[in-house]
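Report on one structure; see the data block that follows.
The numbers here are math on the coordinates, done by the rules we state, and not lab data. Note that the structure is a prediction, hence the values are computed from the model and not measured. We place every Cβ from the backbone using ideal geometry, glycine too, and count neighbours over all the protein chains shown.
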Amino acid sequence: QVRLVESGGGLVQPGGSLTLSCAASGSIFSIGIVRWYRQGPGEERELVAIITPGVSANYTASVRGRFIISRDNAKNTVYLQMRSLKPEDTAVYYCSADVKRGKFDNYGTDWGQGTQVTVSS
């Protein structure tokens with residue numbers, strides 16, 4: 001069993017910053033690609049950022065230059081640093097990770113439950 005838990009969401013004023021965490025626990029041999037998604041009210045889920053095991057990162061255009069994704073492999077945790085937040089960043093943020101449970105297993109994708117980020121004055 002693998003569990004992903006997001007944390008760090010909350011209410012922040014426009015221009016403010018938040019750092020989200022995605023912590024993986026359970027039966028983990030290795031973690032591959034990790035992704036942050038978000039889903040705003042009435043919107044489809046959107047891929048925000050992605051990081052590979054080799055810490056290569058990519059971002060959707062609307063957050064590039066404002067968000068930074070990073071990972072601490074020793075802690076099985078991925079972070080999303082968000083700055084210069086805008087009201088349109090308001091969404092539930094989810095992490096998704098490709099996890100290998102055993103040495104000879106294939107990677108499977110697990111999801112967290114999400115954390116709410118609200119940007120409002």
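Remarks
- Distance between the pseudo-spin-label points of residue 27 and residue 52 (7 Å out from Cα toward the beta carbon): 2.9 nm.
- Pairs of Cα atoms nearer than 8 Å and 6+ residues apart set the relative contact order; for segment 1-50 it is 30 percent.
- Length gained on full extension, residue 120 to residue 60, computed as 0.36 nm times the residue gap minus the Cα-Cα distance: 19.4 nm.
- Residues of segment 14-52 with amide N under 15 Å of a point placed 7 Å along Cα→Cβ from residue 103: 28-30
- Mean separation of Cα contacts under 8 Å (6+ apart) over length of the chain, as relative contact order %: 37
- The antiparallel fraction among DSSP beta bridges confined to the chain stands at about 90%.
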